[in-house]
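My questions will all concern the structure given below.
The values are calculated or read from the model by the stated rules, or taken from the named source; none is laboratory data. Computed from a predicted structure; not experimentally measured. In this analysis, Cβ positions are derived from the backbone assuming ideal geometry, glycine residues included, and neighbour counts consider all displayed protein chains. To get the accessible areas, we keep the full protein, side chains included, count just its heavy atoms, and leave off ligands, DNA and RNA. Shrake-Rupley method; radii C 1.70, N 1.55, O 1.52, S 1.80 Å.
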Amino acid sequence: MIRSEPPLVSVIIAAFNAAPYIAEAVYSVLEQSHSKLEVIVVDDGSMDSTADIVQGLACQDRRVVLLTGHANEGVSAARNRGLARATGEWVAILDADDLFQYQRIEMLVGFAVAHGLDLAADNLEMRDFTTGAPRGLAFPDAWMNSASDITIADFLERDLPGMFARELGFIKPVLRTDFLRRHGIWYNSSVWAGEDFLLYLDCLQQGARLRLLPDPLYIYHLRAGSASSGQDANLELERGNALLLEKLGPSDPIIRDLLLLRQILIRYELFNWRVKRWDMAEALALAAQLPVSFLCGKLWAAIMRRAGMEACNPSLRALQRLRQRRHYSAKRAAAL
């Protein structure tokens with residue numbers, strides 16, 4: 001049967017003390033070329049005028065829905081409330097300080113429907129939060145131009161801290177609502193950093209099809225003090241990675257080793273953070289948890305760089321070995 005009208009899309013915005021910028025975020029959704037949508041703003045216990053501003057927008061446009069009445073519970077719990085309220089066939093997440101480009105929903109949903117996907121994501125246009133100055137794209141073209149589905153191993157390989165300018169866990173896909181509900185997939189409300197990454201991996205583990213669109217249709221604002229930066233965020237990433245090792249590690253040795261490499265890289269980021277602050281007791285405690293060969297490789301690479309010479313990055317060397325194993329495993333599987 002030919003569809004007579006486009007699908008409804010629910011855009012969820014978790015907002016905490018977002019009064020200075022929430023209206024602009026909401027307008028970037030309301031002005032989309034795809035107009036059949038709803039904007040669900042979940043006020044997460046704001047102490048400013050966020051709720052009043054959104055209520056005013058809801059009075060002007062019935063597509064705006066405001067959810068209030070809860071204390072500050074964190075972004076995951078707020079998004080889960082939005083997901084529970086969503087009535088669209090597709091859901092999309094927008095951070096309260098970010099924006100959508102005019103054709104984002106139309107292009108992403110059209111791409112997902114055309115390819116029978118459960119998730120579809122685009123590149124991110126990075127901008128300085130204060131000045132609006134462009135800061136380039138989040139992901140390299142080689143990642144975004146692939147015509148094949150993203151597997152769990154692909155996703156993990158592109159979310160290794162310190163290896164890339166921005167890890168793939170930062171994508172903001174549209175997601176098929178029915179897929180989430182059939183598989184009981186929600187944000188993990190026990191973590192407050194890396195929650196997107198965990199949800200996407202839950203989807204992939206349940207067989208979701210994910211592809212990437214190269215167009216930069218999401219405007220991602222970079223600002224100091226965001227929840228996705230700093231030592232505390234890395235501690236949360238380490239905790240989330242441990243959960244994944246417990247859940248996914250036993251099923252596939254390559255997945256397990258990618259997660260182990262990710263754990264090492266997260267701890268190395270924590271180690272660097274401590275060293276830069278001359279907190280040597282904590283730095284030594286973290287160093288004791290890192291492989292000696294990895295630390296020696298990092299030290300040697302730093303010495304070579306200081307001398308103006310090139311040296312192989314031990315993180316890259318470990319990743320290359322894992323890629324070779326994936327290649328050989330794929331060849332063996334194809335030969336059977």
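Do we have SER76 as open to solvent by 20 Å² or more (accessible area, probe 1.4 Å) and among the hydroxyl-bearing types (Ser, Thr, Tyr) here?
The answer is no for SER76.
Could you give every pair whose Cβ atoms fall below 6 Å, whose first residue belongs to the stretch 154-183 and is within 18 Å of PHE111 (Cβ to Cβ), and whose second residue is among the polar types (S, T, N, Q) and open to solvent by 40 Å² or more (accessible area, probe 1.4 Å), counting only separations of at least 6 or pairs across chains?
none
Let me ask something else. When the stretch 110-150 is examined, which residues are found to be among the hydrophobic types (A, V, I, L, M, F, W, C) and in contact with an Asp or Glu (Cβ under 7 Å, 6 or more places away or on another chain)?
Correct list: PHE129, LEU137.
Please enumerate the residues belonging to the stretch 31-64 that are of a type in the set (D, E, K, R) and outside any helix (DSSP H, G or I).
Selection gives GLU31, LYS36, GLU38, ASP43, ASP44, ASP48, ASP61, ARG62, ARG63.
Which ones in the stretch 273-290 are more than 19 Å from ASP232 (Cβ to Cβ) and open to solvent by less than 50 Å² (accessible area, probe 1.4 Å)?
Matches in the stretch 273-290: ALA287, LEU290.
Quick one: HIS221 ticks every box in (1) out of contact with any helix residue (DSSP H, G or I) (no Cβ under 9 Å at 6 or more places or on another chain); (2) more than 24 Å from ASP98 (Cβ to Cβ) bar one, so which box is it?
(2)
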